[in-house]
Amino acid sequence: MPRTPIQLPTNIEYLSILDENAQIDKQLEPILSTADLKRMYHFMLLARRADERMLKLQRQGRIGTFPQSLGHEAISVGAASAIGSSDWHVPAYREFSGMLLRGWPLETLLLYWGGFEEGARPPDGVNDLPYCVPVASQLLHATGIGMAMKIAGDKKVVLTFFGDGSSSEGDFHEALNFASVFQAPVIFVCQNNQFAISVPLSRQMHCATLAQRAVSYGIPGIRVDGNDILAVYAATKEAVDRARQGLGPTLIEGLTYRTTAHTTSDDPKKYRSPEEEQLWSSRDALIRFRRYLADRGIMDESARISLEAEIEQEIKEAVRKFEEAAGDKELLNPLHMFDYLYAETPEFLERQRNELQQFLASRSAGPGRMEAKSGESAGRDP
Amino acid sequence: MAEMNMAKAINKALGEAMAADERVIMLGADVGVNGGVFRITEGLYARFGEGRVIDTPLAESAIIGTAIGMAIYGLRPVAEIQFAGFDYYNYHQLESHAARFRNRTRGRITVPMVMRAPCGGGIRALEHHSESREAIYAHTPGLKVVIPSSPRNARALLLSAIQDPDPVIYYEPKSLYRAFKEDVPDQPETLPLGQARVVRSGSDITLISYGASLRPTLEAAEQLQEEDGVSAEVIDLLSIVPLDTVTIVTSVKKTGRAVVVHEGPRSCGIGAEVAARINEDSLLYLEAPIKRITGYDVPIPYFSKEKYFLPDADKILQAARQTLSF
């Protein structure tokens, strides 16, 4: 009488299909065409190699600080492969590989990390939002897009991403709650890489899984091996199918490890051991997926070697295009900072624009005190 | 023409906007079945249904954050925050996202949405229900900020705000909701954002105000005429962003004297910006320093003492006389 247990759904599952030894669970193996599988590997490898190249570009000062996405390729590409081009993709900032798959040219993303707003402009026809830096805030945009799809009667879904650190933010909980209450077609994918810069997962939550947060919002939740692209794809596909049928949102937790620093400004040696990094590197998503493709006869060693060469060429070409754009006078024109704030530029902004324009003109007319101080040459002004 | 108060005029505008454009939807806490705690959305739920007048969970960040997503997808959301004193929860969504999407995507993604919230003191409300923090939003590049002062301009400005292609903060001075009635045309009318109005012509001094402070400002102007024979020009800003510098400066060039009046705190407030623009464009026309009658730099006191914080006609009158006799 006085106390009776309330039965709650607590069937949080862990899904693994392709394990770290490349052993496949035939029962659970998702149906994917050879072309799909090749495409998935292509974008994982492109992101991996581009990341490595970008680290060099950053060290050389050719792009700015950026977060590498090593260890996140399976979650990003696996989930993004489960939605269509008319669905929406709302990333955080470690979905580099998935954005490439969605149609963002590499040179555009290089522009973003290279300090140009043009890099945050989604290409025409790509239903994506750009990178989102303030963590968890993008989950509400995804939820709003999902609510709008429902209002419009569109059978589309939204796929959105966040990290384990983000799950401590209020916006994460508000987004899950809104999506749940309005049964919005949103798939929330957590890239649980076990670190928020230096702060470990144990400081983000005092519970066994992140997936179980779903229970308190009355939505399905699942934890998957985040280095197993087939598990990520399968779990996302199920969630997408549910959402498309009007059955609401899902929370997917991909468990992985950030095998590099948080960003190019971070030094992980201060907060974790090389042994731990080594252990997780051995669980790398690309190694096991490559073996899977080889075992299935989809990609043999010579095909892989030629793919590597193709990707090297692709990256080289993208870097060339990026550097060309980054040197473009029009793109470098500082007066454009005033041009996109409002549909029509108000008078007060026009005045500020003119002020900067006149200042720049006066400075390039002859060396003034500014040049003497900063050592800049007058000729650098556009 | 029909005579109505500001609450009714805003309600009228919301109904008109929703009837004219099916992309317009409303969301917020208590906006649906209840018709809003100030009854501003009354009847809209019955008229347009729960799909377009959405009662949300109580979470301001999510109300604004999801409105941003809806706007990106092509809707025209009008989000209500129940009191301006609670919109700090969602400030981050406005500052980091609503205000920036157009700029950071070079015009590819835009956020045509309105945040409505009742603002200001004067109704003996409880703590956290009387704030005037428009300066925060005026300090956020990418937003527009509008504050009406009468039923007719409230209706016209709200229709303009909803049609605007950029995010607009629409603050409703709640002490004016039922303060007085005014004729409002039957046919929808709009007012361009960014245009102030000269609501009283004069030649000796310019009094600049907006929102609930406009009424005591006009009272002071009448008293100046009657008691001192002074002709005061009164400007109603209506839009805080974009601020109509031309109307302000044109008036000050004529009168040589200015007092700025508002409820929000003084330091780095709207009055400071108005004074700066007057200095930039008409310093040599000034016969006296610009005075500010504003809320003080303290949290608005509980209601037993709020009247000492708020601008009133006596304070404005005194400031005007000091300016005139400088």
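Where does chain B land on Rg/Rh, using Cα atoms and the Kirkwood Rh?
Radius of gyration over Kirkwood radius for chain B works out to 0.97.
Dipole of chain B, Cα-centred, from +1 at each Lys and Arg C-beta and -1 at each Asp and Glu C-beta, to the nearest 20 debye?
Computed about the Cα centre, the dipole is about 580 debye.
Read phi for every residue in segment A:300-316 and hand back ³J(HN,Hα) as whole Hz from Karplus 6.51 cos²θ - 1.76 cosθ + 1.60, θ = phi - 60°, with x for Gly and Pro.
With coefficients 6.51, -1.76 and 1.60, one gets 8, 4, 6, 5, 5, 5, 6, 5, 4, 5, 4, 5, 4, 5, 4, 5, 4 Hz.
Dividing the Cα radius of gyration by the Kirkwood radius, what Rg/Rh value follows for segment B:215-326?
Rounded to two decimals, Rg/Rh equals 0.96.
Which of B:Tyr88, A:Tyr131 has the fewest other C-beta atoms within 10 Å, and how do the rest follow up to the most?
Lowest count first: B:Tyr88, A:Tyr131.
Looking only at other chains, what is the average number of their beta-carbon atoms within 10 angstrom of each beta-carbon in B:237-247?
For peptide B:237-247, the averaged partner shielding equals 2.
May I have the extent of the alpha carbons of segment A:1-152 along their three principal axes, as whole Å values ordered from largest to smallest?
Principal axes ranked by extent give 70, 40, 32 Å for the Cα atoms.
Given a cut-off of 24 Å, name the pairs among B:Lys12/B:Lys174; B:Lys174/B:Lys307; B:Lys174/B:Lys254; A:Lys26/A:Lys237; B:Lys144/B:Lys253; A:Lys155/A:Lys237 whose C-alpha atoms lie farther apart than that in the structure shown.
Table pairs above 24 Å Cα-Cα are B:Lys174/B:Lys254; B:Lys144/B:Lys253.
Hey, any idea what the orientation-averaged projected area of the convex hull of segment B:111-188's Cα atoms comes to, in nm²?
5.7 nm²
Taking neighbour Cβ counts within 10 Å as the exposure measure, how do A:Arg102, A:Arg363 sort from fewest upward?
Sorted ascending by nearby Cβ count, the order is A:Arg363, A:Arg102.
Where the Cα atoms of the protein assembly as shown are projected onto their three principal axes, how long is each span, largest first, in whole Å?
Here the Cα extents, ordered largest to smallest, are 97, 84, 46 Å.
Taking only Cα atoms, what is the 0 to 90° angle, nearest 10, from helix A:34-59's long axis to the longest principal axis of chain A?
40 degrees
Could you list which residues have their amide H under 5 Å from that of A:Phe195, counting only those 5 or more apart in sequence or on another chain, with H placed in the peptide plane?
A:Arg258
What's the average, rounded to a whole number, of partner chain beta-carbon atoms within 10 Å of each residue's beta-carbon in B:165-173?
1
Sort A:230-239, B:59-68 for me by packing, meaning the mean count of neighbouring Cβ atoms within 10 Å per residue, highest on top.
The most tightly packed comes first, giving B:59-68, A:230-239.
So how do A:Thr10, B:Thr247 line up by other beta-carbon neighbours within 10 Å, fewest first?
Fewest to most other Cβ atoms nearby, the residues stand as A:Thr10, B:Thr247.
In degrees from 0 to 90, rounded to the nearest 10, what is the angle of the helix B:6-20 Cα long axis to the longest principal axis of chain B?
40 degrees
On a 0 to 90 degree scale, rounded to 10, what angle separates helix B:313-324 from the longest Cα axis of chain B?
Helix B:313-324 and the main axis of chain B meet at about 50 degrees.
Just tell me how shielded A:345-354 is by partners: mean number of partner chain Cβ atoms within 10 Å of each residue's Cβ, no decimals.
3
When the Cα centres of segment A:1-62 and segment B:203-233 are compared, how far apart do they sit, in Å?
Cα centres, segment A:1-62 to segment B:203-233: 68 Å.
List the equivalent ellipsoid semi-axes of chain A in whole Å, largest first, each obtained as the square root of 5λ for an eigenvalue λ of the Cα gyration tensor.
One finds semi-axes of 39, 27, 21 Å for chain A.
Averaging over every viewing direction, what projected area does the convex hull of the Cα atoms of segment A:193-271 cover, in nm²?
It is 6.3 nm².
Over the Cα atoms of segment B:1-136, what is the Rg over Rh ratio if Rh follows Kirkwood?
Computed over Cα atoms, the ratio is 0.97.
Given the options A:Phe178, A:His42, A:Leu251, identify the residue whose Cα lies farthest towards the positive end of the charge dipole of segment A:13-326 (+1 on Cβ of Lys, Arg; -1 on Cβ of Asp, Glu).
Positive-most Cα among the choices belongs to A:Phe178.
Give me, ordered by chain and number, the residues 5 or more places off B:His262 or on other chains with an amide H under 5 Å from its own placed amide H.
B:Ile293, B:Thr294, B:Gly295
Every number here is computed from the coordinates shown, using simple stated rules; none is lab data. Everything numeric here is computed off the predicted structure, so don't read it as measured data. Methodologically, a virtual Cβ is constructed for each residue, glycine included, from the backbone with ideal geometry; neighbour enumeration extends over all protein chains shown.
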